[in-house]
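Structure first, then comments.
Rule-based calculations on the coordinates, nothing more; no lab input. Quantities reported herein were computed from a predicted structural model and do not represent experimental measurements. FYI the Cβ positions are ideal-geometry reconstructions off the backbone, even for glycines, and counts take in every protein chain you see.
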Amino acid sequence: MTSTDRPVIAAVDGSSHSDEALDWAAREAARRGLGLTVVHALTPDRPAERDARRREAEELLARSVRQVARIAPELSPSTLAPLDYPSAVLSSLSHNASLIVVGSRGLGGFRSLLLGSNSLAAASMADCPVVVVHSSRAEEEAPEDAEAPRDIVAGVAADESSEAVLEFAFETAASRPGARLRIVHGWTMFSSMLSGGPVFDRDAAAGAAARALAELTAGWREKYPQVETVREPVSGSASRTLVTASATAALTVIGRRRGGESLGLGLSPVAQTTLTHALGPVAVVPC
């Protein structure tokens, strides 16, 4: 199965957050020339309630298809209503998907939580990139004639683990005419020491971080010359920079190291902080 055969998966549950995620997924599928599959998981319940739950699911999916038709009429979305828990459904579907899109919270979440359990599970365990769509406070407060955010922001480490993040970020920026890609790399004197760089000279450490970021992105800038790129080596908290940038970004892209899912270690502290507190859509890319 090629990448163009792998659809965008939009998870819906009838909440306003999933409606926003569905809108985002439809636009992204149309932008990338991909198919769209709308999914609603039927959580296993008492057999006597299953018929009613299935009818509700069919109504929700039919309403979702009509919503997609208003957003991206060129799409012909398929629908699924598997009998399983949402996190298990999304994990299974991720093996043959280009992208999974979820809302930041669903109907079952506590309103005080910043991120729903199913969204967090999908971002932590999926085999493909997962976009968690947060309602953007910046968009809510912006005047109606304000321009839509055009920046794609990518948070990277200065090593090979960032290749998947950069690939996804550049592809996303290239699919959006006029988009600018901001590549953020956070460094500290401690991280400089661990990488064999300067230990006591802050200016030298800053220069080393800038050179490492330039080397990391050089090949990608040649591959995507149409994408305006800004490199931002940041001294201190990368997560604070990413959260701030997310308020005015079309998408913030971060990585998740593979291999720690079974231990609950899929997300690094920077990734979890960014995902939890972001003010706009965040893509989590396994790498």
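Some points to look at:
- For residue 80 and residue 228, the difference between the fully extended length at 0.36 nm per residue and the C-alpha to C-alpha distance is 49.4 nm.
- Cα centroid separation, region 150-223 to region 1-72: 35 Å.
- Fully extending the segment from residue 200 to residue 92, taken as 0.36 nm per residue of separation minus the present Cα-Cα distance, adds 34.1 nm.
- The calculated FRET efficiency for the pair residue 32 and residue 191, based on their C-beta separation and a Förster distance of 41 Å, comes to about 0.75.
- Gained length - residue 69 relative to residue 51, 0.36 nm times residue gap less alpha-carbon distance: 3.8 nm
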